[in-house]
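Data block below; observations after.
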Amino acid sequence: MSVHQQHSHYASRELSWLEFNARILEEGLDRANPLLERLRFLSIVSSNFDEFFMVRVAALKARIRAGSSIPDLSGQNPEELMSAVTERAREIIGKQNACLVHDILPALAESGLKVLRLGEYNREEESWLAEYFISQVEPSLTPLAVPGPEDEGPFPSTGNLRIHAAFQLKPDDGSGPDRLAIVQVPPNLGRFVRL
């Protein structure tokens, strides 16, 4: 049996995992499923991708940085596999985003559940959100200063699977360079606030 024939019997673990996630996405795309279930499937896809990129893609990138050209059992070397993973992941994420933006969010809005963006809420809602931020969110925030080019020191540890916001800070008096600060969104706060 030739090496080529042997490789035809194996699939890349990474590409197989992507196809598994694509099957989960198919449940989110299926209009026969209840709307909130479809949204749940889309969120599972996102959670799976978080872990996939942190573990499998990180390992693949480490092999590339190390200069490895050894093919896996499927016959693909790390660079070929990275290219295939990137292309397939983009296809899956593109379908997921299109479904969310063009199908699920509009259908939820028709059912009375709408995601509001900045500027889409009225004064009463804006006042309520300001009070919510002051009482519930602000006390749990810890800004991390990012060292500038003239500073010494490492980039602050931000942790995995956390949502962060970055802010460009300008001195009040206009003197000195702008600074960057990172704020971790506390994990005990929901991603959505019900108005």
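The values are calculated or read from the model by the stated rules, or taken from the named source; none is laboratory data. Everything numeric here is computed off the predicted structure, so don't read it as measured data. Don't worry about glycine lacking a Cβ; one is built from the backbone with ideal geometry, like all the others, and counts go over all protein chains shown. Just so you know, the surface numbers come from the protein's heavy atoms only, side chains and all, with ligands and any DNA or RNA stripped out. Shrake-Rupley method; radii C 1.70, N 1.55, O 1.52, S 1.80 Å.
A few comments on the model shown:
- Carbon and sulfur %, accessible surface of segment 2-75 computed with the full protein complex present, 1.4 Å: 57 percent
- Taken along the Cα-to-beta-carbon direction at a fixed 7 Å, the label points for Glu91 and Glu152 span 5.1 nm.
- Couplings 3J(HN,Hα) for segment 103-111, derived from phi with the Karplus relation 6.51 cos²θ - 1.76 cosθ + 1.60 (θ = phi - 60°), are 10, 5, 4, x, 5, 5, 4, 5, 8 Hz, where x marks Gly and Pro.
- Surface per residue (accessible, 1.4 Å probe) for the chain, Å²: 71 Å²
- Cα-based Rg of segment 1-113 normalised by 2.2 N^0.38 Å, two decimals: 1.31
- Ranked by how many other beta carbons lie within 10 Å on average, peptides 34-40, 174-180, 124-130 from highest: 34-40, 124-130, 174-180
- Dimensionless Rg ratio for segment 109-163, taking C-alpha atoms and the 2.2 N^0.38 Å reference: 1.76
- Of the solvent-accessible surface of segment 101-195, computed with a 1.4 Å probe over protein heavy atoms with every protein chain present, carbon and sulfur atoms account for 53 percent.
- Computed over the chain, the ratio Rg/Rh where both radii use C-alpha atoms and Rh is Kirkwood: 1.07
- In a fully extended conformation the segment linking Leu141 and Leu116 would gain 6.7 nm over its present Cα-Cα distance, using 0.36 nm per residue.
- Between the C-alpha center of segment 148-180 and that of segment 34-86 there is a gap of 30 Å.
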